[in-house]
Amino acid sequence: MLELSILGFLAEQPLHGYELKERIKALSGHVRPVSDGALYPALTRLVTAGKLDQHTEEGTSAAPRRVLSLTEKGREDLLERLRHPKQAEITDHVRFNTVLAFLRHLPDPREQAAVLRRRLEFLETPASFFYRDGEPVRAEESGDLFRQGMLRVARATGAAEREWLAEAIGQLDQQR
């Protein structure tokens, strides 16, 4: 997800490392904070792979800043990651939000809708945080105030997300 975030933000504009880190943190940092120990090696890998370009600019106060931009190879990688998200990027809410944050970069509404359909299909599969005898436990059956709260909130957010996904897919289908 870190590389997807890097490629996605740099598809919008060149950024220096600190600014990129702040944008990634704003996107998912409260849930999965990004450390310098993860970010800068990822940037180095992407530069080495020819997916990012970097140059140095004068800093505003002292040290020069490394400014990063997306190469054509990086743009191709971003589009491929968006066309074919890994299953964990569909099933994990935070990871899916990262995909959503950059899905507009896919130029084909059919490809965008295909990604949303995968998420919708996942959300329509009966599931729970808790199971009894191999069956999902519904909020009303949990017998635990706190688990009931978790299940009710998950049900409400799941319903809202399914409704939005259906609307978005309908709009994308009309753009064909």
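For the peptides 7-15, 143-151, residues were scored by their other Cβ atoms within 10 Å and the scores averaged per peptide; the highest-first order is 7-15, 143-151.
Scanning the chain for long hydrophobic helices, with DSSP H runs required to stretch 27 angstrom or more by C-alpha along their axis and to average at least -1.0 on the Kyte-Doolittle scale, returns 145-174. With all protein chains present, calculate the accessible area of Ile24 using a 1.4 Å probe and round the result to the nearest 10 Å². Near enough 10 Å² of accessible area.
Ellipsoid fit via the Cα gyration tensor, region 1-56: semi-axes of 18, 12, 10 Å, each the root of five times an eigenvalue, largest first. Highest GNM mean-square fluctuation among Glu111, Glu57, Glu80, for the chain modelled with Cα contacts below 10 Å: Glu57. Over the residues of the chain, the helix contribution to mean residue ellipticity at 222 nm works out to -18500 deg cm²/dmol, using -39500 (n - 2.57) for each DSSP H run of at least 4. Here the accessible area is traced with a 1.4 Å probe on the protein chains. For the chain, carbon and sulfur cover 51 percent of it.
The H on the amide N of Val67, modeled in the peptide plane, is under 5 Å from the matching H of His55, Thr56, Glu57, each at least 5 residues off or on a different chain.
log₁₀ I(q)/I(0) of the chain at q = 0.18 Å⁻¹, via Debye over equal Cα point scatterers, no solvent, to two decimals? Log10 I(q)/I(0), no solvent term: -1.14.
Projected label points at Ala156 and Glu140, each 7 Å from Cα along the beta carbon direction, are separated by 1.7 nanometres.
The values are calculated or read from the model by the stated rules, or taken from the named source; none is laboratory data. All values reported here derive from a predicted model rather than from experimental measurement. Cβ sites come from the backbone with ideal geometry, for glycine too, and all protein chains shown count toward neighbours. SASA here: full protein model, heavy atoms, side chains in, ligands and nucleic acids out. Shrake-Rupley method; radii C 1.70, N 1.55, O 1.52, S 1.80 Å.
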